[in-house]
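In what follows, a structure is listed as structure tokens, so that the remarks can point back to it.
The values are calculated or read from the model by the stated rules, or taken from the named source; none is laboratory data. Computed from a predicted structure; not experimentally measured. When we count neighbours, we look across all protein chains shown, and the Cβ atoms used for this are built from the backbone with ideal geometry, even at glycine.
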């Protein structure tokens, strides 16, 4: 079924002209040419008068861009249009998985507003960016051409960076966090309220012409607020506010109870690996 700005196909299509509604069942494919987005699912119901479409069954939304493509999978997707019937908002419910080339995430509810370049993640969201894993109760993601520039995280926030192939983890936690990314890599984090960081600084040792890096120990610091600068998951600089409380442990004196932030769990096994596996799992 071809319309002015869209096309839909499937095993079976029903169109109710007087109501301005249509349904698709079985291998449904729907494309919005204005937004350069397409959608697939097992079943779709759409109403022009009510300005919404509803997809169920392995539902997938795909936003195609020059630099990267974003895939949003959920048990159900609701597409809402504005008064001109142009796509304005996509909401995914239950089992949400999002995949981009360098950024992946999961949550229970996601709201994507393509015209505002915003993506909201709710209900225990997790975002992975290269070797970093970010968590919180709620995330507001700012995008440019599907490239994430900033993530505002509230409630039980944490950022974990795997180093030395999982032997150690640089960690940040606090009440609120703003994560700044460049080329889809976490480069800076600002934490407000009960700021807590654990990291393992490196030192370079030169032997003849060979330079090797060695872990000096573990830093554990508390502060009301902090700003931390990172490169490839390594801490390059930290600014603390309001009388920080810190302690340094040499590598052979690290206490087990000091080694992790509260509630530390590394959940890399949940990270979406590719768009195809998201719909099959």
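Quick check, is residue 78 over 30 Å from residue 194 (Cα atoms), at pLDDT 90 or above and either within 14 Å of the chain's Cα centre (by Cα) or surrounded by 16 or more Cβ atoms within 10 Å (Cβ to Cβ) (or both)? In short, yes. For residue 61, state whether it is under 16 Å from the mean Cα position of the chain (by Cα), over 23 Å from residue 133 (Cα atoms) and in the same structural domain as residue 23 (by TED's automatic domain parsing). Yes. Residues that are in contact with a helix residue (DSSP H, G or I) (Cβ under 9 Å, 6 or more places away or on another chain), touching a residue at least 60 places away in the same chain (Cβ under 8 Å), assigned by TED's automatic domain parsing to the domain that holds residue 182 and not in a helix (DSSP H, G or I) do not occur anywhere in the stretch 209-217.
The set of residues in the stretch 220-253 that are exposed (fewer than 14 other Cβ atoms within 10 Å of the Cβ) and in contact with a strand residue (DSSP E or B) (Cβ under 6 Å, 6 or more places away or on another chain) comprises 236, 237, 239, 241, 242, 245, 246, 247, 248, 250, 251.
Is one or more of the residues making up the stretch 88-105 in contact with a helix residue (DSSP H, G or I) (Cβ under 8 Å, 6 or more places away or on another chain), crowded, with 19+ Cβ neighbours inside 10 Å and assigned by TED's automatic domain parsing to the domain that holds residue 28? The answer is yes, given that some residue of the stretch 88-105 is in contact with a helix residue (DSSP H, G or I) (Cβ under 8 Å, 6 or more places away or on another chain), crowded, with 19+ Cβ neighbours inside 10 Å and assigned by TED's automatic domain parsing to the domain that holds residue 28.
Looking only at residues in the stretch 250-281 that are closer than 16 Å to residue 96 by Cα and in a loop (DSSP other than H, G, I, E, B), the one that is modelled with the lowest pLDDT is 281.
Are any residues in the stretch 193-214 modelled with pLDDT of 90 or more and either more than 26 Å from the chain's Cα centre (by Cα) or buried (at least 17 other Cβ atoms within 10 Å of the Cβ) (or both), and if so, which ones?
195, 196, 197, 198, 199, 200, 201, listed by residue number.
Within the bounds of the stretch 49-57, is there any residue that is touching a residue at least 40 places away in the same chain (Cβ under 8 Å), under 26 Å from the mean Cα position of the chain (by Cα), within 19 Å of residue 278 (Cα to Cα) and surrounded by 13 or more Cβ atoms within 10 Å (Cβ to Cβ)? No, the stretch 49-57 contains no residue that is touching a residue at least 40 places away in the same chain (Cβ under 8 Å), under 26 Å from the mean Cα position of the chain (by Cα), within 19 Å of residue 278 (Cα to Cα) and surrounded by 13 or more Cβ atoms within 10 Å (Cβ to Cβ).
Of the residues screened, residue 38 is one that is part of a strand (DSSP E or B), over 30 Å from residue 131 (Cβ atoms) and not assigned by TED's automatic domain parsing to the domain that holds residue 278.
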